[in-house]
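Nothing in this text is a laboratory measurement; each read-out follows from the coordinates by a stated rule. These numbers were taken from a predicted model, which means no experiment stands behind them. We place every Cβ from the backbone using ideal geometry, glycine too, and count neighbours over all the protein chains shown.
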Amino acid sequence: MARLSFTKMQGAGNDFVVFHDFPQSSSFSGVPDTSPGTMPLSSLQKYSKFVADRKMGVGCDQVIIVRPSPVPDLDYEMLIFNNDGSQADMCGNGVRCFSKYILDHGLSSFARSPSSDFPHHGVHTLAGPVHCYPALTHARNSMTNMMVTVNMGPPYVMDLKDEEVVVKELAMTSPREMWSREVQLPGSSVSFKVVCVSMGNPHAVIFLPQGTKVSEYPVEEYGPLLERHEKFPRRANIEFVEVLSLSDVRVRVWERGAGETLACGTGACGVAVACILTDNAGVIDSTTQDRRVNVHMPGGILEIDWKHKENRIYKSGPATEVFRGEMLLPDLKSIQL
């Protein structure tokens, strides 16, 4: 029975259990790992489900494992598992917590970061490289919030064509017919107009009728049905959006593999992109033509900027350490979940 140290963290209410590496864990990133005795992915998924369980384990939305990067020019690799044991490609709130973790534990000094106007470090994820810009006024090992800005890369449209999902890079000027689709629930007359956006993982954004409060909307009823809809062969994260003003929206999210959570970073990015494409929200900087949307989620507010010239999405929000601890990792055969 192994004894493992962990750190409990949260970003806008999205909570994580973070491990610095994991006994015999492998990359599982498509990069060959020839290390002897590496743990099969199925075993790591079962352990993650146990750790994430709020009654039997520590409890969290997702488990994050910090590993050495399998590719050059990036500082570390982030492996992330949902609370149902499935592996996630990317997590926007998780990568902010990851950034704070490697700084607090002295694992990154920005020495290997690419040249930039601002110090930052690179993170390898299944969705590709991600660059984080933590606030350098933050004191290491601080239990306080740390503001982190993340370059989330360009947004992509998911074009639903029969059983195939075609992913294309989006721009602010993309024609509307590229992305607006009708999705009908099977065996029902209920249908939704969705904006399908990818930020390295799939998002289906639904704008509620004017006057409908998202706090009262049956997210728990429609969320799981849409997550597993046949139009989304890899399942999808579902965002329900109430437009508050040109600058602000309120959102509840049903996350793929985790259920309803207090916040979703990539979901907030997808919502902002959908708002701007549909002219539902998005304040314009008259000088740069950049656009910003403040996304209010139950766990907090995330600021999302779509940089016009770069065609990149930047997300800013808090990362917080909650506590540190140790847990006894039981024998895999004894876990009953």
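A few points about this structure:
- Sorted peptide list for 78-91, 259-272, criterion being average Cβ within 10 angstrom, highest first: 259-272, 78-91
- Here region 189-337 is treated with +1 on each Lys and Arg Cβ and -1 on each Asp and Glu Cβ, and its dipole about the Cα centre works out to around 380 debye.
- Distance (nanometres) between label positions extended 7 Å along Cα→Cβ at R228 and D21: 3.8
- Annotation: extensible slack from L246 through S42 equals 68.9 nm (criterion: 0.36 nm per residue apart, minus Cα-Cα distance).
- Peptide ranges 242-254, 8-20, 221-233 listed from the most packed, as the mean C-beta count within 10 angstrom indicates: 8-20, 242-254, 221-233
- Relative contact order [Cα under 8 Å, 6+ residues apart], region 243-337, whole percent: 23
- Judged by the mean number of other Cβ atoms found within 10 Å, the most tightly packed of the peptides 208-214, 40-46 leads the ranking 40-46, 208-214.
- Sorted largest first, extent of region 190-337 alpha carbons per principal axis (Å): 60, 40, 28
- Straight Cα distances below 27 angstrom link K309 to the lysines K168, with same-chain residues fewer than 8 positions distant left out.
- For L244, net neighbour charge (Lys/Arg +1, Asp/Glu -1) across residues whose Cβ lies under 12 Å away: 0
- Pairs beyond 20 Å (Cα-Cα), from K8/K315; K8/K100; K8/K49: K8/K315
- Neighbourhood charge, 12 Å Cβ-Cβ cut-off, centred on P224 and excluding it, Lys, Arg +1 and Asp, Glu -1: -3
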